[in-house]
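**Q** Dumping the structure here so I can ask a few things about it.
The values are calculated or read from the model by the stated rules, or taken from the named source; none is laboratory data. Keep in mind the model is a prediction, meaning the values are calculated, not measured. Don't worry about glycine lacking a Cβ; one is built from the backbone with ideal geometry, like all the others, and counts go over all protein chains shown. Calculation scope for accessible area: heavy atoms of the full protein, side chains included, ligands and nucleic acids excluded. Shrake-Rupley method; radii C 1.70, N 1.55, O 1.52, S 1.80 Å.
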Amino acid sequence: MTYYKNIINLVVILLVISAKPIAAQDITDHSGYVDFSEISSQLGVEADKEINIHGAMLRLVIAAARKDDPELAELLTTVDGIFVRGYRLSGLDVNLVQRQGRTLRAELERSSWEIFLKVNDRDESVQMYVKTNGLDIAGIVLISSDQRSDEMIYLNIVGNIDPEQLSLIGDKFNMGGL
Amino acid sequence: MSDNHQIEQWDDRIEAYVDGQLPQTEVVKLEALLDQDALLSAEVSMANRIRSEFRSMPSIACPEAVSREIHRAIRRDIRKRAIKRWIERTEIMLSGYRKFALAGLIVIAVMFVLRDNVATNNGESAPIASVEQALDDVKWTLALLSDAGSNAAGTVRSDVVEPLLIDRLGSTLDVLTETQN
């Protein structure tokens with residue numbers, strides 16, 4: 001009997017240790033995840049900025065932030081992944097951008113993403129989509145193009161995020177260019 | 001009754017006697033009894049006969065299927081014993097404080113594996129550099145999102161809320177105030 005207890009203890013320890021990495025591997029199955037891997041080939045250029053933070057790296061980032069910025073660390077505990085693709089607008093073919101935009105929008109709408117914010121200004125275009133899971137947010141997608149800063153950004157935050165908290169914390173940081 | 005008792009007493013040793021494996025002291029005792037006990041003597045004679053008949057029988061090779069089954073059973077038995085031994089050793093290993101020591105070792109090993117997973121190829125304190133870069137990326141992303149949200153909200157306010165709602169509401173209030181006066 002003691003033997004079985006020991007084995008169960010060992011299995012529980014191993015499961016606790018390995019639970020997060022397993023979950024991290026399954027980020028693509030998360031309802032709030034959007035696959036950006038095809039964007040570069042659809043636009044015909046490599047991304048100038050690419051961010052893929054999830055799993056073990058995200059946990060290390062949380063641990064690193066906990067010391068200097070507990071608020072940020074707290075916010076990040078609700079996040080499962082951060083994915084960004086950034087391009088210089090001047091290097092993009094307008095037709096390809098429009099075609100890619102249509103494809104992505106259709107894909108988001110097909111997967112029940114709701115448009116949360118859409119602004120088309122002369123120099124700037126912002127579209128923010130939200131995927132909900134009951135009362136929780138499963139993910140946010142931001143597609144933003146800005147002529148002034150010459151940037152085209154695709155952003156996906158996966159997880160149950162509080163947009164208000166996110167905005168408050170985001171205000172603290174300075175955004176440089178690509 | 002007495003004869004039966006002798007047979008019962010010697011029954012399990014008759015085989016050893018005919019095979020010549022009985023200790024000399026017992027051989028002497030048994031042979032002394034054989035002269036007195038007809039039933040025991042008949043039993044020994046029968047055992048001798050069976051033995052000699054067995055010897056005269058031609059030896060037959062064990063059928064392949066039987067031999068295979070025997071080997072399989074032996075292998076199974078060896079495996080079972082090995083597993084049993086392993087379980088016993090594990091049980092000893094996991095008893096008392098050793099359990100916690102082992103758990104600690106496993107945690108350390110997993111931490112090393114995780115650290116290696118995030119390591120890059122440039123050698124010098126690579127994991128820390130990667131984490132710092134990732135933290136900067138996270139801050140940049142949050143700033144971007146916040147900035148885009150604020151700009152968009154500003155545009156909505158200046159292009160929609162102010163001209164279409166506040167200005168019109170103001171005009172309506174002015175008209176109402178003038179009418180009342």
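**Q** Return the FRET efficiency for the residue pair residue B:136, residue B:64: r is the Cβ-Cβ distance, R0 is 51 Å, and the value is rounded to the nearest 0.05.
**A** Plugging the Cβ-Cβ distance into 1/(1 + (r/R0)^6) gives 0.10.
**Q** Just to make sure I understand: if all protein chains stay in place, what is the order of A:68, A:121 by accessible area at 1.4 Å, largest first?
**A** A:68, A:121
**Q** If you take the Cα Rg of segment A:98-178 and divide it by 2.2 N^0.38 Å, with N the number of residues, what do you get?
**A** 1.16
**Q** May I ask you to list the trypsin sites (Lys or Arg not before Pro) in segment A:101-136 that are in a DSSP loop and have at most 14 other Cβ atoms within 10 Å of their Cβ?
**A** Here the trypsin sites (Lys or Arg not before Pro) that fit, given the DSSP loop and packing criteria, are A:122.
**Q** Multiply the residue gap between residue B:49 and residue B:27 by 0.36 nm, knock off their C-alpha separation, and tell me the result in nm, one decimal place.
**A** Answer, rounded to one decimal: 6.1 nm.
**Q** Percent of alpha carbon pairs in segment A:36-85 separated by more than 14 Å?
**A** 57
**Q** May I pose another question? If I take R0 = 22 Å and measure r between the Cβ atoms of residue B:169 and residue A:149 in this structure, what FRET efficiency does the formula 1/(1 + (r/R0)^6) give, to the nearest 0.05?
**A** With a Förster radius of 22 Å, E is 0.05.
**Q** Okay, moving on. Mind listing, in residue-number order, the residues in segment A:53-90 that have at least 20 Å² less accessible area with every protein chain present than in their own chain alone (1.4 Å probe)?
**A** Going by heavy-atom accessible area, the residues of segment A:53-90 that drop by at least 20 Å² are A:53, A:56, A:57, A:60, A:61, A:64, A:72, A:82.
**Q** Return the sequence-ordered ³J(HN,Hα) values of segment A:70-75 in whole Hz as given by the Karplus equation 6.51 cos²θ - 1.76 cosθ + 1.60 applied to θ = phi - 60°, using x for Gly and Pro.
**A** x, 5, 5, 4, 4, 4
**Q** With a 1.4 Å probe and all protein chains kept in place, how do A:124, B:31, A:71 rank by accessible area, largest first?
**A** I get A:71, B:31, A:124, largest accessible area first.
**Q** Taking K and R as +1 and D and E as -1, what net charge do the other residues with C-beta under 13 Å from the C-beta of residue B:102 add up to?
**A** Around residue B:102, the charge tally is +2.
**Q** Next question, about the same structure. Could you calculate the contour length gain from residue A:112 to residue A:133, that is, 0.36 nm times the residue separation minus the distance between their Cα atoms, to one decimal place in nm?
**A** Here the segment from residue A:112 to residue A:133 would lengthen by 6.5 nm.
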